[in-house]
1. Using the number of other C-beta atoms within 10 angstrom as an exposure proxy, rank Ser44, Ser11, Ser161 with the fewest first.
2. Quick one: length gained pulling Asp202 to Ser161 fully straight, 0.36 nm per residue minus the C-alpha distance?
3. Hey, quick one: spin label on Thr176, modelled 7 Å out along Cα-Cβ, who in region 76-118 has an amide N within reach, i.e. under 15 Å?
4. Quick one: which of 80-92, 194-206 comes out on top by average Cβ neighbours within 10 Å, and what's the full order, highest first?
5. Expected output is a single nm value to one decimal: the length gained when fully extending between Lys23 and Arg131, i.e. 0.36 nm times separation in residues minus the C-alpha distance. What is it?
6. Just want the answer: with Cβ charges of +1 for Lys and Arg and -1 for Asp and Glu, which residue in Asn112, Ser144, Gln164 is farthest toward the dipole's positive end in the chain?
7. Please state the shape class of region 1-129: rounded when a/c is under 1.5, otherwise prolate if a/b exceeds b/c and oblate if not, all from the C-alpha gyration tensor.
8. For the chain, treating each Cα as an identical point scatterer without solvent, what Debye log10 I(q)/I(0) comes out at q = 0.09, 0.10, 0.16, 0.17 1/Å?
Amino acid sequence: MRLIFLGPPGSGKGTQAKLLAEKYGIPQVSTGDILRAAVRERTSLGKRAKGYMDQGELVPDPLVIALIEERLRVADCREGYILDGFPRTLAQAEALRDALEALNSRLDAVINVEVEQGELLRRLTGRRTCRACGAMFHTVFNPSKVAGKCDACGGELYQRSDDQEATIRERLKVYTEQTAPLAAFYNHGGLLLTIHGMGKIDTIFEEICRVLERRA
Ligand code: AMP
C-alpha cells in the first residue's frame, strides 16, 4: 500500500496517517517529523531548514526531495508507506512520480482530508507537543491528564513555534497557494479520495478505511 495524505495543517492527517500505518504495518513517513528531528540534532539539513520552518514557509524543494528519496530507499518502505506532509508542491509531486516510475512502482491512493479554515485555526492554536516523544495534545479537545506534561512519557509539553497564530496563518496561506492544487493533479490521475475531516478521530478513520476498501 503506497498512500499520500493531503490536507492543510491541523486537518488531522498526521493522526489518521499514524492509525492507518499501524493498521497496515507500514511506516508513516512524515517530512515534518524528519525535518524537526534534523533541527533538534542540528544536522546540516536541520540548520538549512530551521529558518523556513519557524516562519511557516516551505523548505526548498531540492532539500525535501533529496530527503524523501533517501527515506523511501530504506528497507522498511519496501512493502509500502504512508506519506504525511509530502508532496507539498507540484515540483515535489512530479519528482515523486519520476522516482516511482524509476522504481517501477506506483501510488495506490491519495487521501485528501478537508476541514474548514476557522476549525483549523481553533485546532492549531491549542496544539501542544511533547518535547521528548512528539506526542500531541490539545488544550481543549485532547488535554493531557496533568497540565504541561505528556501522558505517554511525562515529557514537557510545548507549543511549536510554527503553531503560533501568525505562523499558522502563513502556513494555511502557503497550503492554499502551493499544496491545495495537488488535489487536481491527483484527481486527474484518478487517485484522489476526499474525506471530510470534521468529527471524531475514530469516525473519520472508519470512513478512510471504508473508502480505501471500496476502491480496492
Ligand atoms: P508539518 O509537521 O507537516 O506541518 O511540517 C512542518 C514544517 O516542515 C512545514 O511548515 C514546512 O516548513 C516543513 N515541511 C514539511 N514537509 C515539507 C515539504 N514536503 N516541503 C517543504 N517543507 C516541508
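1. Details: Ser44 9, Ser11 24, Ser161 12.
Lowest to highest Cβ neighbour count: Ser44, Ser161, Ser11.
2. Working: separation 41, 0.36 × 41 = 14.76 nm, distance 2.85 nm.
So the chain would gain 11.9 nm between Asp202 and Ser161.
3. Answer for this model: 115-118.
4. Values: 80-92: 21.2, 194-206: 14.8.
Those peptides, ordered most packed to least, come out 80-92, 194-206.
5. Numbers: separation 108, 0.36 × 108 = 38.88 nm, distance 2.61 nm.
Value of the extension gain: 36.3 nm.
6. Ser144
7. On the way: a/c = 1.60, a/b = 1.16, b/c = 1.38.
Because a/c hits 1.5 or more and a/b fails to exceed b/c, region 1-129 counts as oblate.
8. Here log10 of I(q) over I(0) equals -0.34, -0.43, -1.20, -1.37.
Here, each number is a calculation from the coordinates, and none is a lab measurement. Remember, it's a predicted structure, so these values are computed and weren't measured experimentally. All Cβ positions, even for glycine, are placed from backbone atoms using ideal geometry, and neighbour counts span all protein chains on display.
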